[in-house]
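Encoded as structure tokens, the structure appears first; notes follow it.
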Amino acid sequence: MTIRVILVDDQPLLRTGFRMILEAEPDIAVVGEAADGLQAVELVRTLQPDVVLMDIRMPRMDGVEATRRIVGNTAGRDNASTEPAGARVLVLTTFDLDEYVVEALRAGASGFLLKDVPADDLIAAIRVIADGDALLAPSITRRLLDMYASRLPAAEDPTPDTLAMLTEREVEVLRLVARGMSNAEIAAELFVSETTVKTHVGHVLTKLGLRDRVQAAVYAYESGLVRPGAL
């Protein structure tokens with residue numbers, strides 16, 4: 001199966017570099033390029049890619065709004081066009097300059113990478129995202145969420161009622177997901193099988209109405225279940 005990818009970045013040189021890296025892989029095909037978010041939304045509609053490699057800061061429409069439209073996560077927004085779901089978004093960021101990464105994850109992105117990521121890691125991330133999983137690098141995620149600690153609930157704030165829908169074990173699994181642990185790592189931590197962990201993660205996502213593990217991690221922080229700097 002060939003993974004169809006669209007590259008979205010306002011810098012042509014970066015797009016060329018990413019294309020060269022990805023097209024060297026037999027199972028990846030770059031089917032389109034966009035220089036801004038608006039063009040990206042249009043290309044996704046016509047080309048139906050599996051993965052969109054998305055920059056954050058671009059003219060006309062930034063990567064956050066483009067991500068929101070591509071994954072159809074437009075509820076409650078005026079004049080927002082819901083695009084067909086299906087493509088999964090992998091956000092690229094310079095991190096120190098991009099203060100909107102958390103917003104992109106809330107908008108439905110399935111993960112994020114730094115723009116100086118090694119080629120092998122970029123290729124692996126594309127495959128992970130295309131396979132329906134989410135990319136959640138613990139070191140980057142924790143640093144990023146700590147950076148946004150002022151937006152998150154204070155320790156004395158009540159946890160949301162939605163957490164009451166989860167079993168005690170599901171809450172425990174959610175905490176470990178928020179730490180960026182894989183199914184195998186969670187299984188080792190809880191002394192259960194990976195299949196059991198996968199089932200618990202699926203239940204958590206379904207009950208909370210979340211798209212994937214990345215949104216689950218953001219939810220864990222926003223709900224106060226996990227505190228920045230406490231892991």
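We did not get these values from a lab; they are worked out from the coordinates using the rules stated. Treat the numbers as computed from the prediction; the structure is a model and nothing was measured. Cβ atoms come from the backbone with ideal geometry, glycine included; neighbour counts cover every protein chain shown.
Residue exposure proxy: R45, R68, ordered by other Cβ atoms within 10 angstrom of their Cβ from fewest to most, comes out as R45, R68. Specify whether the C-alpha gyration tensor of region 154-222 places it in the rounded, prolate or oblate class, a ≥ b ≥ c being the square roots of the eigenvalues: rounded for a/c under 1.5, otherwise prolate if a/b is larger than b/c and oblate if not. Here region 154-222 falls in the prolate category.
With R₀ set to 35 Å, the beta-carbon distance separating A119 from K198 gives a calculated FRET efficiency near 0.75. At a Förster radius of 30 Å, what calculated FRET efficiency corresponds to the Cβ-Cβ distance of L47 and L14, to the nearest 0.05? Efficiency at R0 = 30 Å is approximately 0.95. Peptide packing for 190-198, 204-212 was compared via the average number of neighbouring C-beta atoms within 10 Å per residue; ordered from the highest value, the list is 204-212, 190-198.
Give the calculated FRET efficiency between M1 and E23 to the nearest 0.05, with a Förster radius of 22 Å applied to their Cβ-Cβ distance. The value I calculate is 0.85.
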